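What follows is a short report on a single structure.
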Amino acid sequence: MGAKGWCLLLCLALSGGAADTERQWRAVDVVLDCFLVEEGKYRGGFVSDKNVVKALLVLRQVPVLDDGSLEGFTDFQVSTLAKDNPLVTFEASVNLVQIPHAKALLHADCSEKEVTCDISRYFLQARQEATFETAAWFLTNMQVSGGGPSVSIVMKTLGDAENRAVSPSKLDLPLGPQGTVLTTVEFQVTTHTPSLNFLLGSSASLHCGFSMAPGLDLTKVEWRLQHKGNGQLVYSWTTGQGQAKRQGATLDPEQLLMAGDASLNLPSLTLKDEGAYICQITTSLFQAQQIINLHVQASPKVRLSLVKEALAPTLICNIAGYYPLDVTVTWTREELGGAPVPVSEASFSSLRQSPEGTYSISSFLKAEPGPAGATYTCQVTHISLEEPIKTSTWAAPPEQRTMTFGVLFASSLFLLTLLYLGLQRWQATSSKVCQDSKAPWVVTVLPQSKKKE
């Protein structure tokens, strides 16, 4: 019985568990179907179907928070595997490190999700002379589908050279008494948010956590951004000193050292912050990483207007300031008392891009309101929106437009007439004033009064 059969039994146990039992921690076995990259075929080339073999990974006694649904659940028995089973089976002890998100791995099949699991040989950064000849290391990457958590672990084989045997995949590994590869997990790096969506101008926190076996020392943490073929360092921490290459980027050193939390905080997101962020954790012996894809989005602003109403009414729907590029614009026409009817004769302007990188476009539609008029609606759908934006306007029937035009024309003509008459009167008054100014001046000399003697 492989991992699928074991998960089926687990699902049955979960469905029959009591829901009101007090929550407590319980150690359970997590069994995963994996692919093992064969030694010597992966280095220097690409992985293909011929480079990998099927394998089984059993994480032994992983602590899981139980609400009572695990009652009746038993540990995985290697003896249930068929004797002629060609699978390479890895048994991994988790006594030295924490395995986060174990519950998501355990319940993946019951939640109709899949776990991608890949195992490959891992070569040490620093050679340990005492154990180099008797131990091998493996890197296992586990990813829950549907945006679930991602976990990477480094496993060290147990056993000595005298018990070394040839496994079905022709890997020279020490096998346990039951023909399995016995290992212990010594290092893990995880993220519970492999993919994130944030709005332009907001702040983002990119989760990255780790734990390591006693005796290992944290030496370096690096956050790098890869986007459209370009890479750059965002933040680095080395032996107690942090340095931000992106303005405002922070990492809490206390949480880093005390809780194994290397999460990166980015304020005031711009479109330049979009891309794949690589969280790389380096210890005195191991190095592992997680990739978090950050998508920056900007919601569109929609404005609907009706122009040239008197002659040829045209509707203009302006969609501005959105990102990413893909946007859907649809039109509907609704007469009084009727149902909305899709309209497909719309045209579009050329695409415009602002200096900050957002896009804008306009959609044009010739209005045909009919004898009773109609309501036109422009609907915009974009990935940044929880639901489409709808904006509507009323297009008057031709009679109302003609009447409106006549009223406007008559009013304009009346005002022009008043203006003309007023101008004529002003000119006549000005001419009379000028004629009066040309009349001869008459000087009147008044007799002087006699002085009294």
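The values are calculated or read from the model by the stated rules, or taken from the named source; none is laboratory data. As the structure is a computational prediction, the values presented were derived from the model and not from experiment. Every residue, glycine among them, receives a Cβ derived from its backbone with ideal geometry; neighbour counts consider all protein chains shown. Accessible surface is based on the protein model in full, side chains and every heavy atom, while ligands, DNA and RNA are left aside. Shrake-Rupley method; radii C 1.70, N 1.55, O 1.52, S 1.80 Å.
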Expressed as a percent, the accessible surface of the range 259-407 that is carbon or sulfur, using a 1.4 Å probe and the full set of protein chains, is 56
Inverse of <1/r> over all distinct C-alpha pairs of the range 315-404, i.e. the Kirkwood Rh in Å, gives 14.4
Links exceeding 32 Å between C-alpha atoms in this model, out of LYS272/LYS308; LYS54/LYS220; LYS103/LYS245; LYS301/LYS366, come to LYS272/LYS308; LYS54/LYS220; LYS103/LYS245
Taking 61-67, 89-95, 179-185 and ranking on average Cβ neighbours within 10 Å, highest first, one gets 179-185, 89-95, 61-67
Rounded to 0.05, the calculated FRET efficiency for the beta carbons of GLU386 and GLN178 at R₀ = 51 Å is 0.45
Once phi for every residue in the range 372-388 is put through the Karplus expression 6.51 cos²θ - 1.76 cosθ + 1.60 (θ = phi - 60°), the whole-Hz ³J(HN,Hα) values, with Gly and Pro written as x, are 9, x, 7, 9, 9, 10, 9, 10, 10, 10, 8, 4, 7, 9, 5, 8, x
The simple spin-label model distance between ASP326 and GLU368, using points 7 Å out along Cα→Cβ, in nm, is 3.2
Among beta bridges assigned by DSSP with both residues in the range 193-297, the antiparallel ones amount in percent, to the nearest 5, to 85
Given a Förster distance of 56 Å, the FRET efficiency implied by the Cβ-Cβ spacing of SER347 and ASN51, rounded to the nearest 0.05, works out to 0.60
Per residue, accessible area of the range 273-406 with a 1.4 Å probe, heavy atoms of protein chains only, in Å², comes to 52
Taking 0.36 nm per residue of separation between PHE123 and GLN232 and subtracting their Cα-Cα distance, the length gained on full extension comes to 36.6 nm
For the range 193-297 the translational diffusion coefficient, Stokes-Einstein from a Kirkwood Rh over Cα pairs at 4 °C and viscosity 1.567 mPa s, in µm²/s, is roughly 93
